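Nothing in this text is a laboratory measurement; each read-out follows from the coordinates by a stated rule. Computed from a predicted structure; not experimentally measured. Here Cβ is always computed from backbone atoms with ideal geometry, including for glycine, and neighbour counts include all displayed protein chains.
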């Protein structure tokens with residue numbers, strides 16, 4: 001089963017487009033923190049997304065396998081928010097390590113240009129690849145929107161190449177404009193999964209995203225769930241809210 | 001002492017602009033591999049650059065501190081080739097972890113746009129920051145050179161912002177055109193350190209780089225040294241060669 005099929009199966013089984021952003025702010029045993037969140041929220045999520053920058057040099061492959069097996073036992077997809085952005089010969093060992101840690105997919109930053117090559121290599125390792133396309137942080141506007149490739153904003157060329165390269169998904173901030181979401185969807189085609197951070201604390205309008213991006217969607221909520229005193233209750237709230245509008 | 005001063009001191013003491021690229025292809029104990037290379041080459045290098053993607057999930061902070069203390073004992077600078085590329089709130093914990101592992105500097109990918117913010121945060125952690133500007137892999141041409149910000153190629157706008165933000169360095173492939181190197185140097189100003197991979201196996205012309213980029217320079221050689229049966233002899237060769245032309 002390829003990653004998009006895996007995603008569709010899980011979405012159906014869980015009846016959910018909620019992805020939980022695990023950004024463990026704890027230095028001591030971040031995996032325990034993540035396991036605890038998963039235990040409380042697993043009924044409501046299709047995916048979890050763990051950010052590499054929060055576990056840098058503190059978690060090894062053995063612990064990550066333990067975490068990912070637990071995530072898989074709950075029928076959930078595990079995405080590493082790695083923003084891989086090296087040349088191809090250096091991306092390959094990273095992909096092997098991510099596969100060996102038993103993640104299902106990762107995020108990729110296209111600055112080195114090698115979208116097609118990285119999709120191909122990720123798929124060889126049976127990993128899904130999400131291409132950073134249009135981020136929601138305001139500092140990204142000059143490079144992703146105001147910079148142009150043959151008269152078009154850079155993010156649209158990235159989306160086009162992600163679609164052509166059969167990337168499994170694109171990362172598009174939930175806070176961006178509805179016309180931008182529509183533009184990305186038009187060039188990627190319908191099957192590409194939109195992974196949209198920025199819902200919850202960052203204030204992205206998920207209704208707009210659900211209306212515009214189509215069915216293949218993961219809405220990521222991080223801090224609003226993991227920093228809440230009752231993550232399970234909060235995850236259930238987002239799950240209900242998202243399902244009311246899709 | 002800030003990073004640029006540290007670099008200048010080491011360059012003078014070692015009489016060297018050689019940086020050794022540590023991309024350990026070994027899964028078992030990559031730190032031991034790196035220590036062995038350092039022991040053999042330390043007389044000839046000003047810096048070593050370790051690539052995060054090669055040590056992913058296999059090396060913890062304790063082992064990296066051991067490695068970095070050894071590197072510092074030899075009077076060498078330690079750069080983490082991390083290509084950090086997240087939003088600022090996620091970059092901050094990564095910077096803390098990189099500082100805690102006792103690196104001197106790191107590389108940064110500007111796709112999220114936050115050059116100024118990341119330089120500021122790196123400096124708070126007493127880390128130097130090298131901004132990826134113009135890479136040497138052919139897949140990067142469409143995004144770094146053919147994409148334009150206000151009529152200029154993207155890499156020149158990145159170089160300009162790196163200079164304005166007081167980034168410690170820029171990463172520019174040794175294989176790029178001499179006019180491109182000159183263009184980057186013109187907008188960064190003279191004090192920015194050029195970190196140039198692509199010498200050795202990748203065939204970059206170091207004479208051209210030395211002639212054009214000025215004094216503040218680190219020429220990175222990876223595989224041609226670390227995969228050689230006698231890394232010390234090979235490092236000495238590059239050291240002599242570089243010093244003959246600078």
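Brief remarks on what is shown
- Label-reachable residues, the stretch A:28-42, where backbone N falls under 19 Å from a point 7 Å from residue A:60's Cα toward its Cβ: A:28-33
- Per-peptide packing, taken as the mean over residues of other Cβ atoms within 10 Å, places A:9-22, B:176-189 in the sequence A:9-22, B:176-189 from highest down.
- Value at 222 nm in deg cm²/dmol, rounded to 500, when DSSP H runs of n ≥ 4 in chain A each add -39,500 (n - 2.57): -13500 deg cm²/dmol
- Projected label distance in nm at residue A:215 and residue A:182, using a 7 Å step from Cα toward the beta-carbon: 2.2
- Averaged over A:38-49, number of beta-carbon atoms from partner chains that fall within 10 Å: 0
- Sorted by Cβ neighbour density within 10 Å, fewest at the top, the residues B:246, B:69: B:69, B:246
- Value of relative contact order over the stretch A:1-77, rounded to a whole percent, pairs C-alpha under 8 Å and six or more apart: 39
- Relative to one another, the C-alpha centroids of the stretch B:208-246 and the stretch A:118-169 are positioned 35 Å apart.
- For chain A, the square roots a ≥ b ≥ c of the C-alpha gyration tensor eigenvalues yield an a/c of 1.5 or more together with a/b not exceeding b/c, which makes the shape oblate.
- For residues of B:123-136, the mean tally of beta carbons on other chains within 10 Å: 1
- Packing order of peptides A:119-127, A:158-166, highest average first: A:158-166, A:119-127 (average count of other Cβ atoms within 10 Å over each peptide's residues).
- Residue mean of other protein chain beta carbons inside 10 Å, A:55-64: 5
- Label zone at residue B:89, where the point sits 7 Å out along the Cα-to-Cβ direction: the stretch A:21-54 residues whose backbone N lies under 17 Å: A:21-26, A:49-54
- Ranked by how many other beta carbons lie within 10 Å on average, peptides B:213-221, A:227-235, B:31-39 from highest: B:213-221, B:31-39, A:227-235
- Over the stretch A:3-245, relative contact order from alpha-carbon pairs under 8 Å, at least 6 apart, %: 20
- Spatial extent of the protein assembly as shown: Rg and Dmax, with the Cα atoms as the point set, Å: 22.1, 71
- Distances between equivalent label points of residue A:120 across the copies, with each point positioned 7 Å along Cα→Cβ, amount to 4.2 nm, shortest listed first.
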